[in-house]
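Down below is the structure, laid out as structure tokens.
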Amino acid sequence: MSRKAKANPKKPPSPHDMDSTALAARAEAELALSRHKEAIELYKELLKRERRPIWVEGLAACYAGRAHSLAAKGMLKEALVLWRNRRQICGKPLVEGPYLTWLMQAGERGEAMRLLADSSLPEAARAELETRLAATLLTLPQNTPLPDLPADSALLRHRPAALAALQAYGQGDWAALGECLQAIPFRSPYRDLKPLLKALALLTTDPAAATDRATEVIARLPADGPFERLAAALRCAVLPAGRWLTALHGLDEVGRQLVLDLKGCPDPLRPLLLELAKLGDHPNPGQFFDLLARHRRVLPEGMAANFCRQLLPHAANRQKSHTDIFGALPEVERSHLAAQAVEARGERGPATPHWRRMAELLGGNPEKKRHAALIWRRLSGMDLAALGEAGALLTDAIVCLERSVDLDPDQRDTQLRLIAEHRHAGALQHARARLDQALPRFPKDAELLLEAVRVALAGKAFKKAVGLAKRVLELDPINPKVRRLIGQAHFSHARKQIKAKNLPSARKELEAAAEWLRGSEDGATLNLLRALAGDDPASADTAIRDVVADLGGALLGGFHLALEAGRLGLDAAKLLKQGKVDLAATPAPATVVALARALEAAREMDTTLRDTTLRNALNPLRPALRRAAAGRYAESEQRLICEAWLRRKESELLRLYADAALKQRPRQPLFVYFKAMAQYANMPYRIPERMQYDLEDAAEAARAQGDRRTFQRIQDLLHPVESDSFYPEDEGDFVGGLMNDDPGAMFELLLHMGGEEALFSMARQAMGKKTFDALRKELGGNNKEFARALVEMMAQQARLGDVPAPAPRKPGPRKPSDINQRNLFDD
């Protein structure tokens, strides 16, 4: 083919040049492709040549298809023109299909009235048209001439009853309304008006029943019925509070006013509500503030000011407007708003000073002391799941609890937690002082008396503890906690006697313990101590083997044997051999779970038990526990086991079990946290970038799942509290260990956590002020440059032994993690 031919492709022949057969085939093809506009022109050309019925039908189908397409685009008038052309050119009936619907939607009610007067209109079409025109006839102004309809037209005969019903509804004459509605027959064009007016009347007489009735009515009415505008208003009016206002914007002006009438809304309030409806479901706080401020005069006194004040934390740029319009707020309110504004931005620590200031101001008002006490309690973090156990609060948080109790001593839970915190911290004098204040207020509170037993035992006041325990049992005869506490105290005395080789006294203590203890595990411990306090070694071996069996086998039995060996200063390996404990097999998952529970119970019942004793008791079990990590555990079991390893600082076991859990449940936030804690609990500044990303993703996932505790824990790991250690008991070892491993890392950490001034202060102490000042002058530069040079120089000298390591400091008061103060209050 030539280039010229390619450039000028052959055009399709004109319809005038085609024969009828080809033209008809082309018209049918265009119609099949829904290209109605092109098909209409082709069929018109065919009808000019010959009026064949098949071509007339084709043209009618084209007109119908084209009209439907235009109506779907909202071009109703153009669609009606095509439908009328279909009648004139093709002889098709006018009133069929969607014609009446389009006619009413286009607002051509005059044409509909003229159609109704046409005697040739089929009965079915007449009935449909009368129904569609029912609302139109009811809204005609008075003295308007009615269309020339047959005398027996239902549209005319039932109109007076429908008008009377509307008048009775407007006047609130419910008896007359019922009579008028009875006069409207079931098949009347006005039939849809009956249930609508009944439901609307119920909104006034019985609002509770109106919702169900309206739902039934709306379900039965056609979507495009003659009274759809009234139905839409009813649909909106019965929506629940908060939703009807949003739906109001979707109605026309008459519908909106009707709904506001039904709601009994005063005229001055209507502009405010209509503007509010435009803002949608979730209005911008700033826009909402402006709207309330503009319409404040129509609201009850103080309402606009109160609403606008509650919006300020979310619309900080409106604070000046609030002051200009409503006046300056008192300081306590300003502190409250400042705290809420910080938390609304998702920040944590900066809100705490504002909450503290608010609590201090409220505490000076006798009528607001309880409110202040609540703020101090929340600031302590006592109510957060992450700090739900006694002993978890930091020093500053305990101070917050002290202030809360001082302001509101009637809060028993706060009193109880404060006493428990003092006991865990070893501050028994403070715990006793608080007990002296609390017990007169709650003399018959079993939980408080139980805590008093714990305090007495911690202070070695054994007789007092027994007396308090008996008071608990008077209130709660089957209280297992107090029985175990006293029984464990007898165990403790028995162990001392065994270590001192005073076996008769030990057996006496064990018999006393037997009177208090009831549990099977306590019974096994009792039998074990009896065997160790006995005089017959042969029978002791048998008794020890029986104890291992009673405790559930090798793993649990071996743990208890090793634990008692540690408490009594015995050789654990020898005791395990006596009990014939075989740890070669891999423990079952249920056994590992039981061991995790036993670890927690051991520390709970004996608060004097050292972590080192528990860790030593685990040493013989470690190979078996490593093998058991790959077992199939439920998620709740893996959580429990990992929590136990974390509390006992068993980093290796925690890593193994966290890794195994992540293989079964990839990216589960809590196990991501456990894995990071296993590797970097004491060195969060060394967390690799990849793991930081994983932790950040895990934190977001935990927040999305509503797991606030895990979110807080991850945040605390990623953003550790300044000068705070994850394991306070080991803080000195951590600093010294880091100095020994890498002096440079030690000085880098000091610079990172304490800043340049902390580094300079330590350097002055290490090298003397005179040497430090001379070095500062020699090196020059700004503080940042000097600090960097100082770090490098001191690290090098420390490696050579010229700079002594900083003395490990004792754990002091700890600052609370900012996450504990996040989102304390929500308006």
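Below, the figures for the structure above:
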{"read-out": "Criterion violated by E367 - all others in (1) closer than 25 Å to R708 by Cα; (2) acidic (D, E); (3) at pLDDT 85 or above satisfied", "value": "(1)"}
{"read-out": "Top-ranked residue of region 263-277 - restricted to ones that are over 30 Å from K320 (Cα atoms) and open to solvent by 40 Å² or more (accessible area, probe 1.4 Å), ranked as nearest to the chain's Cα centre (by Cα)", "value": "K263"}
{"read-out": "Test: residue in region 656-668 that is surrounded by fewer than 16 Cβ atoms within 10 Å (Cβ to Cβ), assigned to a helix (DSSP H, G or I), modelled with pLDDT of 90 or more and among the basic types (K, R)", "value": "yes"}
{"read-out": "Single residue of region 199-239 satisfying the filter (open to solvent by less than 30 Å² (accessible area, probe 1.4 Å), in a loop (DSSP other than H, G, I, E, B) and in contact with a Lys or Arg (Cβ under 9 Å, 6 or more places away or on another chain)) that is nearest to T131 (Cα to Cα)", "value": "G225"}
{"read-out": "Odd one out for A676 among (1) part of a helix (DSSP H, G or I); (2) over 20 Å from Q638 (Cβ atoms)", "value": "(2)"}
{"read-out": "Every residue from region 412-436 that is open to solvent by 20 Å² or more (accessible area, probe 1.4 Å) and within 28 Å of the chain's Cα centre (by Cα)", "value": "D413, R417"}
{"read-out": "Boolean, A584 is modelled with pLDDT of 85 or more and either under 20 Å from Q488 (Cβ atoms) or part of a helix (DSSP H, G or I) (or both)", "value": "no"}
{"read-out": "Unmet requirement for G250, which otherwise passes all of (1) open to solvent by less than 40 Å² (accessible area, probe 1.4 Å); (2) out of contact with any Lys or Arg (no Cβ under 7 Å at 6 or more places or on another chain)", "value": "(1)"}
{"read-out": "Test: residue in region 278-292 that is among the polar types (S, T, N, Q), open to solvent by 40 Å² or more (accessible area, probe 1.4 Å) and in a loop (DSSP other than H, G, I, E, B)", "value": "yes"}
{"read-out": "Pick from region 96-125, criterion farther than 18 Å from K73 by Cβ and polar (S, T, N, Q), ranking: modelled with the highest pLDDT", "value": "S120"}
{"read-out": "Residue match in region 461-479 (condition: touching a residue at least 60 places away in the same chain (Cβ under 8 Å), surrounded by 15 or more Cβ atoms within 10 Å (Cβ to Cβ) and part of a helix (DSSP H, G or I))", "value": "no"}
{"read-out": "Those residues of region 332-344 which are over 16 Å from N306 (Cα atoms) and among the acidic types (D, E), in sequence order", "value": "E343"}
{"read-out": "Single condition G178 does not satisfy, out of (1) over 48 Å from the mean Cα position of the chain (by Cα); (2) exposed (fewer than 13 other Cβ atoms within 10 Å of the Cβ)", "value": "(2)"}
{"read-out": "Region 296-312 - residue that is at pLDDT 85 or above and not aliphatic (A, V, I, L, M) and, of those, surrounded by the most Cβ atoms within 10 Å (Cβ to Cβ)", "value": "C308"}
{"read-out": "Matching residues, region 626-637, being open to solvent by 10 Å² or more (accessible area, probe 1.4 Å) and part of a helix (DSSP H, G or I)", "value": "R626, R627, E635, S636, E637"}
{"read-out": "First in region 324-344 and on the phi > 0 side of the Ramachandran plot, second anywhere and open to solvent by less than 10 Å² (accessible area, probe 1.4 Å) and among the charged types (D, E, K, R), Cβ under 7 Å, 6 or more apart", "value": "none"}
{"read-out": "Pairs, first within 16 Å of L203 (Cα to Cα) in region 249-263, second open to solvent by 70 Å² or more (accessible area, probe 1.4 Å), C-beta under 6 Å, six or more apart", "value": "G255/R229"}
{"read-out": "Residues (outside any helix (DSSP H, G or I) and more than 45 Å from the chain's Cα centre (by Cα)) located in region 518-570", "value": "A533, G534, D535, D536, G569, L570"}
{"read-out": "In region 639-655, the residues that are among the aromatic types (F, W, Y) and either more than 17 Å from E600 (Cβ to Cβ) or surrounded by fewer than 21 Cβ atoms within 10 Å (Cβ to Cβ) (or both)", "value": "none"}
{"read-out": "Cβ-Cβ under 7 Å pairs, at least 6 apart or on other chains, region 701-720 side open to solvent by 30 Å² or more (accessible area, probe 1.4 Å), far side outside any helix (DSSP H, G or I) and at pLDDT below 85", "value": "D716/S817"}
{"read-out": "Helices (runs of 4 or more DSSP H) lying entirely in region 42-136 (those with 1 or more residues that are within 25 Å of Y190 (Cβ to Cβ) and under 57 Å from the mean Cα position of the chain (by Cα))", "value": "99-105, 109-116"}
{"read-out": "From the options L576, L621, residue that is open to solvent by less than 30 Å² (accessible area, probe 1.4 Å), under 22 Å from A549 (Cα atoms), at pLDDT 90 or above and not charged (D, E, K, R)", "value": "L621"}
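The values are calculated or read from the model by the stated rules, or taken from the named source; none is laboratory data. Since the structure is predicted, the reported quantities are computational estimates derived from the model, not experimental observations. Glycine also receives a Cβ, built like all others from the backbone with ideal geometry; neighbour counts cover every protein chain displayed. We work out accessible area using only protein heavy atoms, side chains counted, and drop any ligands, DNA or RNA first. Shrake-Rupley method; radii C 1.70, N 1.55, O 1.52, S 1.80 Å.
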